[in-house]
Amino acid sequence: MRKFIVAAASMAMLLAFTGVASAQESGAQVSVVHGVPGLTVDVYVNGESTLTNFEPGDVAGPLTLPAGSYELAVTAAGDTIDNAVLTATADVTDGLNASVVAHLLEDGTPTLTVFANDTSSIGPGNGRLTARHTAAAPAVDILLADGTPVATNLSNPNEAISNVLANTYSAGIAPAGGTVDDFVVGPIDLEVPEGTNRIVYAIGDLAGGSFDLVIQDVAGLGTAPAAVPTGSGDLAGGGLSPWFVALAIAAALALGVSSRLAFARNR
Amino acid sequence: MAASLARLRPSRKLPSVRLVAAVLGIISAIALGIAVAGLVDGGDGGVSSRVVEEFGDAPVAVTPAPASSPLPPPQVTGGELAAPPAVPAPAAAVPVRSGRIGELSAAIRAEPVRLEIAGLGLAAPVGSVGYDARRREMEVPRSPGEVGWYRFGASPGQPGSAVLAAHVDFNGVAGAFYDLHQLEAGDAVVVLMDDGSRQRWEVVARRQYGKELLPTDAIFARDGDPFLALITCGGPFDGRRYEDNVVVFARPEGAAATEPGPA
């Protein structure tokens, strides 16, 4: 706790959210994720208390914020804003979907990181898995239980994004370069829902026993199938269109006769 | 045929044979051209522009859901900060939940297991189907007597469209939706769910769409008022597939009476 406050007191950051604004969306969608273990906090936006008694592992939002610049401050729960342990200024643009994450850096220093969430549409039958390394831990590989890599050499505070068939996957976390035999977390069953960007945060301190995984979903990104194949055509109603059948027969006959005649002439 | 051709073979009268050959050649070319055109666009005066509004109001896509391009990663800079504009802080009611993976509860929803349409004498099992990524189509049950429910959309009664598709025919066997095109406004449709509940629906609209015109965003809508979309194939068969989809829309019984149909 002492370490947290000492480390954080010197931090003041400008977080510039940038994004490709979608013309139709006004304002930004902003979520807040608490990934610092052992500290319940309050969150202030522009000096106003916005989240109180925000627990580690909690996900808040999304808030719809008009485009603009925001002062964020994080205090220990019940403390005054003057004693903020983390502060940041965030510029948000229209159409942005972002997550503000309070978390530990690899060396255990608390920080705030802003990630833009990928809200591009996802093909039918697929989901999106976003893995964010926001834990006090070295670089890792994320592997399926059969050894297939999902992300390699993922380090704090970075992310890996992949679109995959919507399904439940058995996956684990190994030190970078490791194998399934080196899993330090898992394997666990992880569902990737269709049409959803499922964001998985590694939080806490791996060595200190406070490690956990936190899930945030950005849903509604799915797209519809383009076609519905519901007949083999050998029985129902329309059948082969009669004109098509008649013309095809006429064509075959006429071609056959004319080529025979031409052939005969050349003999 | 060979015999009759042999009789045509007296090749001393070259001009007339040549004439016959030419005429037949022209006819064959025209016929082939029309037949090929028929294969391409359905041979029905351009099937790709066909929507047959048989009755009722079909749903339209509620949210166009523009595909926004992926955002670049945010930049953290240490540059000078312009004076922040006076943007009001958001209202206090922010939803908060634990995101810890151990507390993640999969949304449990009832799923359809059986479809009954008394007016058609239909009682068919319903199975869950997904998406065929290779063929880029909704999956449809292999068994012609089974109805497929698109599990990536709404379950019947949830907001949006619950899509139930079945074959009109398959390998010479009539499919579960062989008679779907006979449904009329007000006909009752019953869906049995796996929690034992029994949902009563009422037909409000029927459409026949050229396959290229199938309004998939509306038919697979994931929000808005609940409706059923019952889908099968219809129209002429072009040798490879049907040219149309027949879609019957239903609203919860009672809802249909107070609303003009799916908006």
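Shown for B:His181, A:His133, A:His103: other C-beta atoms within 10 Å of each C-beta, ranked fewest to most, produce the order B:His181, A:His133, A:His103.
Can you bin the range B:196-247 into rounded, prolate or oblate? Criterion: square roots of the alpha carbon gyration tensor eigenvalues sorted a ≥ b ≥ c, rounded for a/c under 1.5, prolate for a/b above b/c, oblate for the rest. Prolate is the answer for the range B:196-247, as a/c is 1.5 or above and a/b outweighs b/c.
Would you mind giving the mean number of other chain beta-carbons within 10 Å of the Cβ of each residue in A:42-49, as a whole number? Provide the component values of the computation, followed by the final result.
Working: counts 0, 1, 1, 5, 6, 1, 5, 2.
Average per residue, whole number: 3.
Taking amide H as placed 1.01 Å from N in the peptide plane, the amide H of B:Val163 sits under 5 Å from that of B:Tyr150, B:Ala154, B:Ala229, each at least 5 places away or on another chain.
Could you please report the charge total around A:Pro157, scoring K, R as +1 and D, E as -1 over all other residues with beta-carbon less than 15 angstrom from its beta-carbon? Show your work: numbers first, answer last.
Details: positive: A:Arg132; negative: A:Glu106, A:Asp107, A:Glu159, A:Asp205.
Charge balance in the 15 Å sphere: -3.
The relative contact order of the range A:92-240, computed from alpha carbon pairs under 8 Å that lie at least 6 residues apart in sequence, is 24 percent. Checking the a/c ratio against 1.5 first, then a/b against b/c, what shape does the Cα gyration tensor give for the range A:53-100? Oblate, since a/c reaches 1.5 and b/c is not below a/b.
A crude spin-label estimate for the pair A:Asp79 and A:Glu106, with each label 7 Å from Cα along the Cβ direction, gives 2.7 nm.
Counting other C-beta atoms within 10 Å, which of A:Ile203, A:Ile122, A:Ile81 has the fewest, and how do the rest follow? If you can, show how the numbers build up before the last one.
Working: A:Ile203 29, A:Ile122 22, A:Ile81 15.
Least crowded to most crowded, the residues run A:Ile81, A:Ile122, A:Ile203.
The modelled label-to-label distance for the pair A:Thr148/B:Ala93, using points 7 Å beyond Cα in the direction of Cβ, is 4.4 nm. Counting, for every residue in A:64-70, the Cβ atoms of other protein chains within 10 Å of its Cβ and taking the mean gives 4. Distance between the pseudo-spin-label points of A:Ser121 and A:Ile188 (7 Å out from Cα toward the beta carbon): 3.3 nm.
With neighbour counts taken as other beta-carbon atoms within 10 Å, the residues B:Met138, B:Met193 rank, fewest first, as B:Met193, B:Met138.
Every number here is computed from the coordinates shown, using simple stated rules; none is lab data. In this text the structure is predicted, and so the values were computed from the model without any measurement. Heads up, the Cβs are rebuilt from the backbone with ideal geometry, glycines too, and the neighbour counts pull from every protein chain shown.
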